[in-house]
Amino acid sequence: MEDSKKLEQFEAKIASGQKIEPKDWMPEAYRKQLIRMMSQHAHSEIVGMLPEGNWITRAPSLRRKAILLAKVQDEAGHGLYLYSATETLGVDRKDLLEQLHTGKAKYSSIFNYPTLTWADIGAIGWLVDGAAIMNQTALARGSYGPYARAMVRICKEESFHNRQGYEIMMQLAQGTPEQKEMAQDALNRWWWPAIMMLGPGDDQSPNSEQLMRWKVKMESNDAIRQRFIDRTVPQAEFIGLKIPDKDLKFNEATGHYEHGPINWDEFFEVIKGNGPCNAKRLKDRIEADKKGRWVREAALAYAAKREKEKVVA
Amino acid sequence: MTLQQAKFEYLLRLGDSSLIIGHRLSEWCGHGPILEEDIALINIALDFVGNATSILAYAAQVEGKERTEDDLAYMRNERDYRNLLLTEQPNGDYATTIARQFLYDVYTFFLYEELKKSKDDTIAAIATKSHKEITYHLRHTTEWMYRLGDGTEESHQRLQNALNDLWMFTGDLFDMDEVDALLIKEGIAPDLEKIKEAWEKHVKEVIIEATLQMPATTIKQTGSREGRHTEHLGYLIAEMQYIPRSYPNTKW
């Protein structure tokens, strides 16, 4: 069958709401874009373990420690799930990790900010996972079967993460003056990065009509950002914290919050690798990979020996 | 010593060991040799934190001084901690972590199997739940003992070194005092001499199967029963306790 005919059928299938599965024909641009998005998402999950892992040994109660462990375990599980889903597009996890380590592949800009106090663990769950959910619930309606199904599952766990983060913030906001200050400080530092992690504004990132038609991208960055802000501002007010945006106001006519100007220079600097923790995050990942090499080699050598025994027997 | 005091002391030994080894495993988070192991280690750490929470909550109840499991975890000093010396040893390389975990998993496998039959219902219930988890932990570490022992020359040597270095802390596992004597008499805790036999046999079998040598050292360190630890514990506790210590009487 000619490619133009295949393309026509591919697009018709998507338009009718059916999913594309790994063995189906797909245009090369579709495959490439998905590999880029899905691996970036997988990398974000495992790099995201680092800022949160930073507080596991210092979690302030046994309950908080258990919740944080469970949450970070979820992130690792998401990473594994997403790498496997990406592999259905004909790439190897090993190669994807190589791209992460050489800086060729990106991960979410947000994880290049440091977790300085316990309140940052609350802020990450509330804001970062909150923003991620906005994006991922949209992606769950995407056209690529393995990715869409992964999103459904991941979103369920993310909403638990989001709630535990908000619960930490609520506890702090209702606590001692020192705790409240800690919570406000975390909100001040994480608000703008969380707003930015949803990607450049629509004027700077024109949505490819094709990616929308192929249901690779489901909504514009600004639309997702607006939903996140509309949902989060009342949550901050409810626990008595102040969003660090002096221009923020509610527009009665539109029913939406309007926010002040976003410092996109900062965003692009972080994306380029110049954020506060880019170097450290990457170094940690590369070191873990390097230190683990002899372990992986041993596992392979052991498996090969057992395989040989089987043949002999 | 009253039975209540003995029980409290014994529960601290169990709970503290879980808490401290869980803490050590959680230090691997995000730095494991492969993603699957990151998941496994966090999962096992989580089991230990869960077990420590149940046991310390019961310890607090037995003590009857209106302390909570968090008070016991976060407000006791080094000398009051009763975890086994083995559990506080640093992670080192992956072979050290696996060797430490293996030696401890075999121990808890046989210990908790006996505790399931404890005449104290709460201990028996906690042990029954935990033993299922321990069975899984032991399977995981045993598989890694084989992989590393019979993997490459490097992994073999690293694991052998780790076993040799950690061996001196294994005597502490079976140290008994009047706490044990009292609880054995009441049918609450098992005789560690019997656990020791089963432990030695099983450990030796796996070590040989993994093409390794039994460590030759006869030096044995003890002291955890009286809260005499190695230098490592102080740092671990300082890190773990810093928030509740910095902000007393605060809820998190």
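The values are calculated or read from the model by the stated rules, or taken from the named source; none is laboratory data. In this text the structure is predicted, and so the values were computed from the model without any measurement. Here the Cβ is made from the backbone with ideal geometry for all residues, glycine too, and neighbour counts use every protein chain on show. Areas reflect the complete protein model, heavy atoms only, side chains present, ligands, DNA and RNA absent. Shrake-Rupley method; radii C 1.70, N 1.55, O 1.52, S 1.80 Å.
The local environment of B:Phe8, defined by Cβ-Cβ distances under 11 Å, has a net charge of +3 under the rule Lys, Arg +1 and Asp, Glu -1. Once the Cα atoms are used to define both axes, helix B:232-246 deviates from the longest principal axis of chain B by about 40 degrees.
Mean partner shielding of peptide B:38-44, defined as the number of other chain Cβ atoms within 10 Å of each residue Cβ, is 6. Once all protein chains are placed together, A:Phe268 keeps about 80 Å² accessible to a 1.4 angstrom probe.
Gain on full extension, evaluated as 0.36 nm per residue between B:Glu186 and B:Thr230 minus their Cα-Cα distance, stands at 12.7 nm.
If you take the charge dipole of the protein assembly as shown about its Cα centre, with +1 on Lys and Arg Cβ and -1 on Asp and Glu Cβ, which of A:Asn162, A:Val312, A:Ala183 is farthest toward its positive end? Positive-end residue among those listed: A:Val312.
Per residue, the solvent-accessible area of the protein assembly as shown (1.4 Å probe, heavy atoms of protein chains only, all protein chains present) comes to 44 Å². Applying D = kT/(6 pi eta Rh) to the stretch B:3-246, where Rh is the Kirkwood radius over alpha-carbon pairs, T corresponds to 37 °C and eta to 0.692 mPa s, the Stokes-Einstein value obtained is 181 µm²/s.
Distance from the alpha carbon centroid of the stretch A:235-263 to that of the stretch B:180-252 works out to 54 angstrom.
Charge tally for A:Glu167 (other residues, Cβ to Cβ under 11 Å; Lys, Arg +1; Asp, Glu -1): +3. Interface residues of the stretch B:52-81, defined as a loss of at least 20 Å² in heavy-atom accessible area between the chain alone and the complex of all protein chains with a 1.4 Å probe, are B:Thr53, B:Asp70, B:Tyr74.
Only Cα pairs under 8 Å and at least 6 apart count here; give the relative contact order of the stretch A:1-154 as a rounded whole percent.
32
Counting heavy atoms of the protein chains alone, A:Glu258 has an accessible area of about 70 Å² for a 1.4 Å probe.
Working note: 222 nm ellipticity from helices only, DSSP H runs with n ≥ 4, each -39,500 (n - 2.57), summed and divided by the residues of the protein assembly as shown, gives -22000 deg cm²/dmol to the nearest 500. For chain A, the Cβ-based charge dipole about the Cα centre amounts to some 1260 debye (Lys, Arg positive; Asp, Glu negative; other atoms uncharged).
Taking only the alpha carbons of chain A, we obtain Rg and Dmax values of 21.4, 78 Å in that order. Remark: C-alpha extents of the protein assembly as shown on the principal axes read 78, 69, 39 Å, sorted largest to smallest.
The apolar share of the surface of chain A, taken as the fraction of accessible area on carbon and sulfur atoms (1.4 Å probe, ligands and nucleic acids excluded), comes to 54 percent. Taking every residue in A:47-59 and counting other chain Cβ atoms within 10 Å of its Cβ, the average works out to 4. Across peptide B:216-227, the mean count of Cβ atoms from other chains lying within 10 Å of each residue's own Cβ comes to 0.
Here the accessible area of the stretch B:3-246 is 49 percent carbon and sulfur, with a 1.4 angstrom probe and all protein chains present. Net charge dipole, the stretch B:3-246: roughly 380 debye, given to the nearest 20, about the Cα centre with Cβ charges of +1 for Lys and Arg and -1 for Asp and Glu. Net charge of the neighbourhood of B:Ile55, taken over other residues with C-beta under 12 Å away and scored Lys/Arg +1, Asp/Glu -1, is +1.
If R0 is 60 Å, what FRET efficiency do you get for A:Gln174 and A:Val312 from their C-beta distance, rounded to 0.05? The formula returns an efficiency of 0.35 here. For A:Lys5, a cut-off of 16 angstrom between C-alpha atoms picks up these lysines, skipping any fewer than 8 places away in its own chain: A:Lys13.
When both the stretch B:71-90 and the stretch A:17-61 are represented by their alpha-carbon centers, they are found 39 Å apart.
Between the Cα long axis of helix B:94-115 and the first principal axis of chain B there is an angle of about 50°, rounded to the nearest 10. Take the accessible area of chain B alone and of chain A alone, subtract that of the pair, and you get about 4000 Å² summed over both chains, using a 1.4 Å probe.
Peptides A:127-139, A:275-287, ordered by how many other C-beta atoms sit within 10 Å of their residues on average, highest first, read A:127-139, A:275-287.
Which residue, chosen from B:His131, B:Ile237, B:His156, occupies the Cα position most advanced towards the positive end of the dipole of the stretch B:3-246, where the dipole is computed from +1 (Lys, Arg) and -1 (Asp, Glu) charges on Cβ about the Cα centre? Sorting the options by dipole projection puts first B:His131.
What is chain A's relative contact order, in percent, from Cα pairs under 8 angstrom and six or more apart in sequence?
Computed value for chain A: 19 percent relative contact order.
Over 28 Å between Cα atoms: which of A:Lys71/A:Lys94; A:Lys71/B:Lys119; A:Lys308/B:Lys196; A:Lys156/B:Lys117; A:Lys71/B:Lys116 fall into that group? Flagged as over cut-off: A:Lys71/B:Lys119; A:Lys308/B:Lys196; A:Lys156/B:Lys117; A:Lys71/B:Lys116.
Using the empirical formula 2.2 N^0.38 Å as the baseline, the Cα radius of gyration of the stretch A:62-207 reaches a ratio of 1.15.
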